[in-house]
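Before any comments, here is the structure.
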């Protein structure tokens, strides 16, 4: 089993990092939080040109996947850049529809998701009770506990609820809508989509943690006390080293989960990456001091993501329970 990305995979991540670095993502995040989706969708369009969204869609439906390792690598970069929008939900919806195959109108939705010309949000049993970015997504899917997959009627998006991260616009799932499929096959497909959503959220967590650590390291090199950069203080070095260790221990968990797609491995990756990202946020806030609380500082865009992503698609308690359950088998 290979735990290191190939050179081709690394080239892909470098391409994404370069593209996102030139895309003015912080401005797009602020616009998205204010309800203006134009700049964020422009970033999505550029990402679509790289084939990122096609990685979750089988070739039979104009995609290039499913390729979980490549997709996880890409979502680390999305987290590092702080890209807004229902990226995890769109990928999970693609997995759900592809898993159902002929039992759902996959040809109706998957080509648009693969091309990045359409986005999707969804709610699943065992996931969040709220739909992410329902006011921005092209399609809004819901799966009920009874195994019914429905497409919400157009124009049913509700006003977003308050969220710790203003760019994660949450809304109640729509009631009713077009019935696309029902039965045990939907339940099984929804469970698989849930694991994929958890895996890709873990990847985003890792990227967010890396972004927070990188910005904090740069800051402590510049901020001085007693005439010397605070990065030279032993206590600061230890705090940064602990944060780095947390992220580095989470990384192989993520790769192992992407390679195996085992629920227990995915839960462990989500637990490790989510915890590491939240710890990185605490470190960043402490070492930035009072300036870390200011919304004008771009750092706040990542600080506000760490905890919501840690809890999205599987809280720490849920992930621990899944890890324990997998060990008992």
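Quick grid of which residues meet (1) out of contact with any helix residue (DSSP H, G or I) (no Cβ under 6 Å at 6 or more places or on another chain); (2) closer than 30 Å to residue 100 by Cα:
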| site | (1), (2) |
| --- | --- |
| 192 | no, yes |
| 199 | no, yes |
| 241 | yes, no |
| 252 | yes, no |
| 275 | yes, no |
| 286 | yes, no |
| 293 | yes, no |
| 300 | yes, no |
| 306 | no, no |
Please identify the pairs in which a residue from segment 200-216 that is free of Cβ contacts under 8 Å to residues at least 12 places away in the same chain has its Cβ atom under 9 Å from the Cβ atom of a residue that is in a helix (DSSP H, G or I) and buried (at least 24 other Cβ atoms within 10 Å of the Cβ), counting only partners at least 6 apart or on another chain. 214/80
Take residue 235 and tell me if it is in a helix (DSSP H, G or I) and either touching a helix residue (DSSP H, G or I) at 6+ places or on another chain (Cβ under 6 Å) or within 14 Å of residue 280 (Cα to Cα) (or both). no
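Output the number of residues of segment 167-189 satisfying the condition of being more than 30 Å from residue 14 (Cβ to Cβ) and touching a helix residue (DSSP H, G or I) at 6+ places or on another chain (Cβ under 6 Å).
Count: 3.
Yes or no, residue by residue, for (1) outside any loop (DSSP other than H, G, I, E, B); (2) out of contact with any strand residue (DSSP E or B) (no Cβ under 6 Å at 6 or more places or on another chain); (3) under 29 Å from residue 125 (Cβ atoms):
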residue: 221; (1), (2), (3): yes, no, no
residue: 244; (1), (2), (3): yes, yes, no
residue: 251; (1), (2), (3): yes, yes, no
residue: 257; (1), (2), (3): yes, yes, yes
residue: 301; (1), (2), (3): yes, yes, no
residue: 306; (1), (2), (3): yes, yes, yes
residue: 314; (1), (2), (3): no, yes, yes
residue: 317; (1), (2), (3): yes, yes, yes
Go through segment 6-45 and count every residue that is closer than 17 Å to residue 137 by Cα and part of a helix (DSSP H, G or I). 13
Return only the number of the condition from (1) free of Cβ contacts under 8 Å to residues at least 12 places away in the same chain; (2) under 21 Å from residue 72 (Cβ atoms) that residue 297 does not satisfy. (2)
Scanning segment 72-95 residue by residue, those under 14 Å from residue 120 (Cβ atoms) and either assigned to a loop (DSSP other than H, G, I, E, B) or out of contact with any strand residue (DSSP E or B) (no Cβ under 6 Å at 6 or more places or on another chain) (or both) turn out to be 85, 86, 87, 88, 91, 92, 94, 95
Kindly indicate whether any position in segment 191-202 is surrounded by fewer than 16 Cβ atoms within 10 Å (Cβ to Cβ) and in the same structural domain as residue 301 (by TED's automatic domain parsing). no
So for segment 176-184 (the condition being over 19 Å from the mean Cα position of the chain (by Cα), within 30 Å of residue 256 (Cβ to Cβ), surrounded by fewer than 23 Cβ atoms within 10 Å (Cβ to Cβ) and not assigned by TED's automatic domain parsing to the domain that holds residue 257), does at least one residue qualify? yes
Condition first: free of Cβ contacts under 8 Å to residues at least 40 places away in the same chain, closer than 22 Å to residue 53 by Cα and under 16 Å from the mean Cα position of the chain (by Cα). Can you find one or more residues in segment 158-169 that meet it? no
Do we find a residue being within 20 Å of residue 73 (Cβ to Cβ), in the same structural domain as residue 203 (by TED's automatic domain parsing) and part of a helix (DSSP H, G or I) anywhere in segment 281-293? no
For segment 6-57, what are the residues that are touching a strand residue (DSSP E or B) at 6+ places or on another chain (Cβ under 7 Å) and without any contact (Cβ under 8 Å) to a residue 40 or more places away in the chain? 55
If you check residue 147 against the conditions, is it touching a helix residue (DSSP H, G or I) at 6+ places or on another chain (Cβ under 7 Å), free of Cβ contacts under 8 Å to residues at least 60 places away in the same chain and on the phi > 0 side of the Ramachandran plot? yes
Based on this model, can you work out whether residue 69 counts as in contact with a helix residue (DSSP H, G or I) (Cβ under 9 Å, 6 or more places away or on another chain) and under 28 Å from residue 281 (Cα atoms)? yes
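The values are calculated or read from the model by the stated rules, or taken from the named source; none is laboratory data. As the structure is a computational prediction, the values presented were derived from the model and not from experiment. Because the Cβ atoms are built from the backbone with ideal geometry, glycine has one as well, and the counts that use them run over all protein chains shown.
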